[in-house]
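The values are calculated or read from the model by the stated rules, or taken from the named source; none is laboratory data. Everything numeric here is computed off the predicted structure, so don't read it as measured data. The area values use the complete protein model at the heavy-atom level, side chains included, leaving out ligands, DNA and RNA. Shrake-Rupley method; radii C 1.70, N 1.55, O 1.52, S 1.80 Å.
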Amino acid sequence: MIYKASVDRFTKLTTVLCSLLIVGLPVVIFLNLEEDESYGVLAVPVILIVVMFVISRYRPIGYQVTPSEILILRPTGTVSLKRSEISTIEILPKERLKRSIRTFGVGGFFGYWGEFSNKQMGPMTWYVTRRDNPVLIQTTKGKKIIISPDEPEKFVATVNLT
């Protein structure tokens, strides 16, 4: 079964504003170039556009539960979690994620994914599109993975039933 991963309001706003800035910056620079200036000043904005494209390809777009694994669907590659390596799965009160810091990853631009940490939970890996419905998956190796399916109760029930 496939579960959608819609984005929250903050993610939408952050993504739109950052995208406008990143795409608009080269246009503004180009329109204000003097005749004797080099086009080299466009290098940084063009690099930012490439980075934006790459980041957008790693965003979670959904989650799929199969009999043998949980799949985190992304435009560029799927992350697979073997069900045999999952020790627990539970809906997480969003308060437990407060004061989380991003140690390596993306925090709001097309979603939240990568490595995060907070004092209460320690290190964790996020594949999240909205912060208001987190689901915690703990592996048998002690890894904590946070996802955010649109229907967290149904998602957890499906995983526990199959």
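Highest GNM mean-square fluctuation, the chain, Cα pairs closer than 10 Å: which of GLY62, GLY122, GLY107? Highest fluctuation among the options: GLY122.
For the stretch 6-162, the share of accessible area belonging to carbon and sulfur comes to 61 percent (1.4 Å probe, ligands and nucleic acids excluded). Based on Cα contacts under 8 Å between residues 6+ apart, the stretch 20-162 shows a relative contact order of 17 percent. For the chain, adding -39500 (n - 2.57) for each run of n ≥ 4 DSSP H residues and dividing by the number of residues yields -10000 deg cm²/dmol at 222 nm.
With springs only between Cα atoms under 10 Å apart, run a GNM on the chain and tell me which of GLU85, GLU95, GLU151 wobbles the most. Taking springs between Cα atoms under 10 Å, the residue moving most is GLU95.
List the relative contact order of the stretch 105-162 as a percent without decimals, with contacts defined as Cα pairs under 8 Å and 6+ residues apart.
24 percent
Set against the 2.2 N^0.38 Å expectation for a compact globular protein, the stretch 90-161 has a Cα radius of gyration ratio of 1.04. Averaged per residue, the stretch 43-162 has 53 square angstrom of accessible surface, using a 1.4 angstrom probe with ligands and nucleic acids left out.
Normalised by 2.2 N^0.38 Å, where N is the number of residues, the alpha-carbon radius of gyration of the chain equals 1.24. Cross-link partners of LYS82 among lysines, defined as those whose alpha carbon lies under 21 angstrom from its own and excluding same-chain residues fewer than eight positions apart: LYS4, LYS141, LYS143, LYS144, LYS154.
On full extension, the segment bounded by ASN118 and SER84 gains 9.5 nm, given 0.36 nm per residue less the C-alpha separation.
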